[in-house]
1. I need SER95, SER70 ordered by Cβ neighbour count within 10 Å, fewest first.
2. Which value in nm describes the separation of the simple spin-label points at LEU30 and SER65, placed 7 Å from the Cα toward the beta carbon?
3. What percent do you get for the relative contact order of the chain when only Cα pairs under 8 Å and 6+ apart count?
4. At 20 °C and 1.002 mPa s, what whole-number value in µm²/s does Stokes-Einstein give for the translational diffusion of the chain, with Rh from the Kirkwood sum over Cα pairs?
5. Would you mind ranking ASP57, ASP44 by Cβ crowding within 10 Å, fewest neighbours first?
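No value in this document is a laboratory result; all are computed from the given coordinates. Nothing here was measured: the structure is a model prediction, and the numbers come from that model. Backbone-built Cβ (ideal geometry, glycine too); neighbour counts: all protein chains shown.
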Amino acid sequence: MAYQYIVDAQLPPALARYLSSQGEDAIHVLDVDMMEAPDSAIWDLALEQSRVIITKDEDFQIRASVTMPSPKLIWVRVGNTSKQAMLQLFETQWSAIIKALDSGEILIELQ
């Protein structure tokens, strides 16, 4: 199954570019003029466009636990790291992420 992604502001635009270069439909909030948008606006866009939110923001995880419907979330739970290390994390974990999405998981924690 193909997924669409929106990368939240705490993560670099390079992550969306990397995913796009791998054939994924990925945008960064910067691409849609939402760098300063509240979480609720990003949430609503993800629901409207069936996008998976990729974020470091715990608020999305909390909201997903109490709100239905919820977009799928990839919650990045690593501390401050270089852009290169972040991209490498996604490269090494991507097949497991897709497997989890395909199995119907709503929240995928990346550590």
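1. Ranking SER95, SER70 by Cβ neighbours within 10 Å, fewest first, gives SER95, SER70.
2. Using points 7 Å along Cα→Cβ, the separation is 3.1 nm.
3. 25 percent
4. 154 µm²/s
5. Final ranking by Cβ density, sparse to dense: ASP44, ASP57.
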